[in-house]
Amino acid sequence: MKDALLYAFDSAIILRQEEVKRSENQQSMPGWNFCTFFILKVSFFSNLLCLMLTYSQESLATSFEGMNLFEEALVPYDELEASFYRVSKEKNMSWFGSLVHPDLQDESVPLLSTAKKPYRDLILANRISIFDFRIYLLTRQCQLLAKMGRMTELTSKVALFLGAFGNRLREVEVSD
């Protein structure tokens, strides 16, 4: 039974990696959408059947996390962060909403809370702001880093994010 589960898991990982790579190679094609790519890369499974039928990167990360393989679970989020920066440098952010969607609830819930907003739904609907997307990605990375006890890396990641996003807000303010 264990060998069959491991085989199914390994097969699912290989298929998902191929699908993600195929989508990543299509970035320069018209109609390519970062939010769809994100969901492909990081959506999660609700059970083993979904594990065998659904091939996406967040599901891979969540599966690794469920098996306490936190280092492996962090890799898809780090890859998504790198992809996001590459795409943002090209100024091709058409699939995102505005830079920020202010919400009254934003001030009453911790910044790094995935329960604050329906992030996955916003991503699927292509209505997520750049800020909310980055918060979701940062939150997932920080949750995994905390589980690994890598608090120094966690605080550095948050500090880098705050600095980079502050610079982005200043750029927007100057251009307005």
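The values are calculated or read from the model by the stated rules, or taken from the named source; none is laboratory data. Remember, predicted model here, so these are calculated numbers, not experimental data. Every residue, glycine among them, receives a Cβ derived from its backbone with ideal geometry; neighbour counts consider all protein chains shown.
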What helices (runs of 4 or more DSSP H) lie completely within the stretch 94-176 and have 2 or more residues being at pLDDT below 80? 119-124, 151-175
Checked the stretch 1-37 for anything of a type outside the set (Asp, Glu), modelled with pLDDT of 75 or more and under 19 Å from Ala73 (Cα atoms); matches are Ser11, Ile14, Leu15, Lys21, Phe37
What number of residues within the stretch 38-69 satisfy the criterion of being farther than 14 Å from Ser11 by Cβ, touching a Ser or Thr at 6+ places or on another chain (Cβ under 6 Å) and either among the polar types (S, T, N, Q) or modelled with pLDDT of 75 or more (or both)? 2
